[in-house]
Amino acid sequence: MTDPDALLLPRRFWWIYAGLLAGVATFFALAELQHYLRNGGQHPWEPFLWEFSSVLIVAVLLPPIFRWHRASLGRGMGVLLARHALGYAAYTVLHVVGMFGLRFAVYALTSVSYEPGNAWQVLGYEAAKDLVFYVTQVLLCQALWVHLRGQRTALEMARMRTELAQAQLARLAEQLQPHFLFNSLNLIASVMYEDVGRADRLLCQLSDLLRASLSAQQRGWQTLAEEMALIQPYLALMQARFGERLQVHIELAPGTESWELPALLLLNPVENAIKHDVALSRGAVEVSLRTQALDGGMEVEIRNSGVSAEQVERAGGLGLSNLRERLRMAYGEAAQLWIGPDQGGTLLRLRLPRREVLA
């Protein structure tokens, strides 16, 4: 079975782990080498064999100690101490057997004799040192366990925040669709008594548009090009309704079509611009949508030419509030929304950062 905690340890951790142990072994080997030469030693490689054989076995035993310590947690102090007493005994035996096994194997390949002394004396000497090393390693395992638990908790919190944000975005997108549908049906109803054929065509266009918007809503995020594939049929629908009273201008900066944004984010402000501007203006009205690439982001401007910003704020209060909430849920504080007067009309400006995708 895959160890769930191992999944949280990046590869660089094991490189650091190996590097630290190699450094410790080298430090002790150099210190032992000085003592060895002062006592007339003839083979300078021996201190390196002694220390590296010891550290190598420690390196192999430390992961099992971590698992043993982790399995001992939450069982009470008595059980924890008893399990670690057993763990210490096993660690000492395995360390001594493994370490001296490596040494004897290397000495067997050379003509140098190796006599470590009486086995019980060696075991007692190593057991005293291993007690200190075992306690130190358990403390390190506890620190690593606390780190992994904190890391796992942070990942879970990030996942929960992402899922919550997605659920809230879905709820806000669902609020958009009835609002949009209600406004569109009102517009079509006003045509029905004048031209039944046109009303029928408008209903077909609306049906196609709603079908596409449902698909977009299920995706959650889509490119600007996909968003425009929804907005442009809507604009065509509105131009069929208002005729020459509505003029549309779209200008997308090269490269911005592939930028991702929350699905249906731009449909509501475009709808508000047309609904309030055309409804309150007697003459021709121009609605324009323009994008511009920024350093690390994109700017979207939606203009209408006939209604002041104050009127749009009041009439489109629910839609603008919804838009602000969707921006907050999708981007946090990184997105910006500004609405104000523009040459007798209204300008709504959005600045959207590049979407950060969680791994």
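So if each residue of separation counts as 0.36 nm, and I subtract the Cα-Cα distance between Leu81 and Tyr114, what length gain in nm does that give?
Numbers: separation 33, 0.36 × 33 = 11.88 nm, distance 3.71 nm.
Stretched out fully, the Leu81 to Tyr114 stretch lengthens by 8.2 nm.
Carbon and sulfur atoms: what percent of the 1.4 Å accessible area of region 1-107 do they account for?
Numbers: 4760 of 6460 Å².
Solvent-exposed carbon and sulfur of region 1-107 make up 74 percent of the total.
Given R₀ = 41 Å, FRET efficiency for Leu185-His147 by Cβ-Cβ distance, to 0.05? If you can, show how the numbers build up before the last one.
Details: r = 58 Å, r/R0 = 1.41.
Here the calculated transfer efficiency is 0.10.
Once you charge only the Cβ atoms, +1 for Lys and Arg and -1 for Asp and Glu, what is the size of the charge dipole of region 202-265 about its Cα centre, to the nearest 20 debye?
Working: 4 positive and 7 negative charges, 56 e Å.
In total the dipole reaches around 280 debye.
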Response to the item:
Quarter of the surface of the C-alpha convex hull for region 202-268, i.e. direction-averaged projected area in nm², equals 4.6 nm²
Worksheet entry | Binned Cα-Cα distances of region 65-119, short to long, each 10 Å bin given as a whole percent | 20, 34, 20, 18, 8, 1
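Where does region 1-108 land on Rg(C-alpha)/(2.2 N^0.38 Å)? Could you put the intermediate results ahead of the total?
Numbers: Rg = 17.4 Å, N = 108, 2.2 N^0.38 = 13.0 Å.
The value comes to 1.33.
Per residue, how much accessible area does region 18-105 show when a 1.4 Å probe rolls over the protein heavy atoms, in square angstrom?
Values: 4820 Å² over 88 residues.
Here the residues of region 18-105 average 55 Å² of exposed surface.
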Worksheet entry | Met192-Gln232 pseudo-label distance in nm [points 7 Å out on the Cα-to-Cβ vector] | 3.1 nm
Worksheet entry | Pairwise FRET efficiency - Glu251 versus Leu155, Cβ, R0 = 35 Å, nearest 0.05 | 0.25
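The values are calculated or read from the model by the stated rules, or taken from the named source; none is laboratory data. Bear in mind the structure is a predicted one, so any value in this text is a computation, not a measurement. Heads up, the Cβs are rebuilt from the backbone with ideal geometry, glycines too, and the neighbour counts pull from every protein chain shown. The protein model used for the area step is the full one, side chains on, heavy atoms only, and it has no ligands, DNA or RNA in it. Shrake-Rupley method; radii C 1.70, N 1.55, O 1.52, S 1.80 Å.
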